[in-house]
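Just below is one structure, and these are the notes that go with it.
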Amino acid sequence: MSKVVVGIDLGGTNIKTALVSTEKKVLSKNSRPSNADKGPDAVMDAMAEAVEDLMKETGTARADVLACGIGAPGPMNWQTGVVYSPPNLPGWENVPLAQLMYQRLSIPCFVDNDANVACYGEYWLGAGQGTQSMAVFTLGTGVGGGIVVFGELLRGIDGTAAELGHLKVQRDGRRCGCGGLGCLEAYASVTGMVRTAQEHLDENPDSLLYKQFHDQPDNITGKDLTDAANKGDAFACWVHEETATWLGLGIASLINLQNPERIVLCGGMIAAGDLLFDPVRRVARENAFPVPAKRCEIVPAGLGSDSGVIGAAGCAWTRLESGEDGGADPNSAY
C-alpha cells in the first residue's frame with residue numbers, strides 16, 4: 001500500500017479527519033462531535049480514535065502513516081505545536097497538542113492555524129492548484145485568511161500573519177470581535193452582513209425581510225438574506241452588494257500588497273454565488289492596480305468544506321519532508 005498522511009480539522013463543534021495518500025488521493029474521511037465541553041484530553045482522545053477508525057477502515061498499517069497534521073483554531077505556536085487559548089475550546093490553555101497527539105498515535109504530528117491549513121488545502125489539491133502565489137479568505141461567522149507565496153505558507157515571525165479579516169477598512173468603524181474598530185470581518189462576514197441588514201431593516205418596510213423579522217431582527221440569518229435575495233428582494237440584494245463591496249475593497253488591498261495569481265473564497269457565504277462573486281470581482285478590479293488586478297482570478301473553493309482537513313494533511317507532509325520532528329521530542333513543546 002502507498003504511504004499516507006492524516007489530516008484533522010479541529011473545531012469547537014466537530015472533528016473532521018481524512019486519510020490522504022502521497023499520490024494526493026483522499027482515501028477516506030470521517031466526522032464526529034468534538035465534545036469540547038469535556039476538556040482537552042477528551043477531545044484529543046476523540047481525535048486519536050478518529051484516526052484509528054480510518055486506519056482500520058482502509059486497512060492502513062501504522063508503518064504506512066507518515067504524519068498527522070492538525071488545523072486548530074485560535075492563537076498557537078505552530079513551530080512547537082502548543083495551542084494557547086482557542087475561544088471555542090474550553091479549558092485549553094498552553095496545551096502541547098503536537099506532543100500529546102504524538103504520544104497517542106506514535107506518528108509525527110504537526111499543528112497549524114485552521115485558516116492557514118484551509119489555504120494550503122486549496123493550494124495543494126483545490127482551486128489554487130498550479131499557482132505559485134495565492135490567498136484564501138474563509139467567509140463565515142468571521143473572516144479568516146491564508147497566503148501562499150512561492151509555494152510556502154506565509155506564517156509570520158510570531159505565527160500571526162495573514163489575519164485577513166483584521167485588515168482595517170474603516171476608521172473608527174464597527175467594533176470587531178477582536179476588540180478593534182473597522183476590521184474587514186465586521187463588515188464582510190456573515191455576522192457583518194446580518195448586522196448591515198439589521199441596521200437598515202426599518203428603512204425598508206416593503207422588504208420580505210422586514211415583513212418577516214421587523215419585530216425580531218436578531219433572528220435574521222445569512223441564509224435568510226440569501227433566500228430573500230434569490231427571490232428578488234431588493235433590500236436583501238443591496239445587503240449582499242454592500243457586503244461584497246467591503247470584501248472587494250479588502251481583496252483590492254491584498255492584490256496590491258501580494259500580487260497573487262488567484263484568490264480563493266471559502267466558507268458558507270460562497271453559497272450566495274454570483275450575488276457575492278460578481279460585485280466582489282468588480283470592486284476588487286476597480287480598486288486595485290490594473291496589472292495585478294487583471295492577473296488575479298477570484299474563484300470559489302475547490303474542496304468545499306474539506307479545505308481544512310485536506311490542507312492539514314498537506315501541511316504535515318510538507319513539514320515532515322523539511323525535517324521537523326512533529327512532537328516526537330518532548331522538549332520541543334516548551
(message) Using only DSSP helix segments of four residues or longer, with each worth -39500 (n - 2.57), what per-residue ellipticity at 222 nm results for the chain after dividing by its residue count and rounding to 500?
(response) -12000 deg cm²/dmol
(request) State, to one decimal in nm, how far the label point of residue 85 lies from the label point of residue 322, with both points 7 Å from Cα in the Cβ direction. (result) 2.8
(message) Can you work out the Karplus-derived ³J(HN,Hα) for every residue in region 312-327? Use 6.51 cos²θ - 1.76 cosθ + 1.60 with θ = phi - 60°, whole Hz, and x for glycine or proline.
(response) 4, 5, x, 4, 4, 4, 4, 5, 4, 4, 7, x, 6, 8, x, x
(request) Give the calculated FRET efficiency between residue 172 and residue 199 to the nearest 0.05, with a Förster radius of 25 Å applied to their Cβ-Cβ distance. (result) 0.95
(message) At R0 = 45 Å, how high is the FRET efficiency between residue 297 and residue 57 if r is their beta carbon distance? Nearest 0.05 is fine.
(response) 0.75
(request) Let me have the relative contact order for the chain, percent, based on Cα pairs under 8 Å that are six or more residues apart. (result) 22
(request) Rank 249, 259, 196 by how far each Cα sits towards the positive end of the charge dipole of region 127-302 (+1 on Lys, Arg Cβ; -1 on Asp, Glu Cβ) and give me just the farthest. (result) 259
(request) Considering the options 184, 154, 209, tell which one lies farthest towards the positive end of the dipole of region 127-302, charges being +1 on Lys and Arg and -1 on Asp and Glu at the Cβ, about the Cα centre. (result) 154
(request) Would you give the gap between the C-alpha center of region 274-328 and the C-alpha center of region 123-202, rounded to a whole Å? (result) 12
(message) Expected output is a single nm value to one decimal: the length gained when fully extending between residue 49 and residue 212, i.e. 0.36 nm times separation in residues minus the C-alpha distance. What is it?
(response) 54.2 nm
(message) Computed from the coordinates I sent, P(r) over Cα pairs in 10 Å bins from 0, in percent equals one of [x] 5, 21, 25, 21, 16, 9, 2, 1, 1, 0; [y] 6, 26, 31, 23, 12, 3, 0; [z] 6, 30, 39, 22, 3, 0. Tell me the label.
(response) [y]
(message) If I take every Cα pair under 8 Å that is 6 or more residues apart in region 127-302, average their sequence separation and divide by the length, what percent do I get for the relative contact order?
(response) 24
(request) Tell me, rounded to the nearest percent, the portion of alpha carbon pairs in region 127-302 spaced more than 22 Å apart. (result) 44
(request) Using the structure shown, select from 24/56; 3/24; 168/294 the pairs with a Cα to Cα distance greater than 22 angstrom. (result) 168/294
(request) Can you put 187, 210 in order of Cβ neighbours within 10 angstrom, beginning with the fewest? (result) 210, 187
(request) Once you have the Cα-Cα distance between residue 37 and residue 106, take 0.36 nm times their residue separation minus that, and quote the gain in nm to one decimal. (result) 22.2 nm
(message) Can you give me the angle between helix 274-287 and the longest principal axis of the chain, using Cα atoms only, in degrees from 0 to 90, rounded to the nearest 10?
(response) 80
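No lab work stands behind these numbers, since they all come straight from the coordinates. The structure displayed is predicted, hence computed values, not measured ones. Cβ: placed from backbone, ideal geometry, glycine included. Neighbour counts: every protein chain shown.
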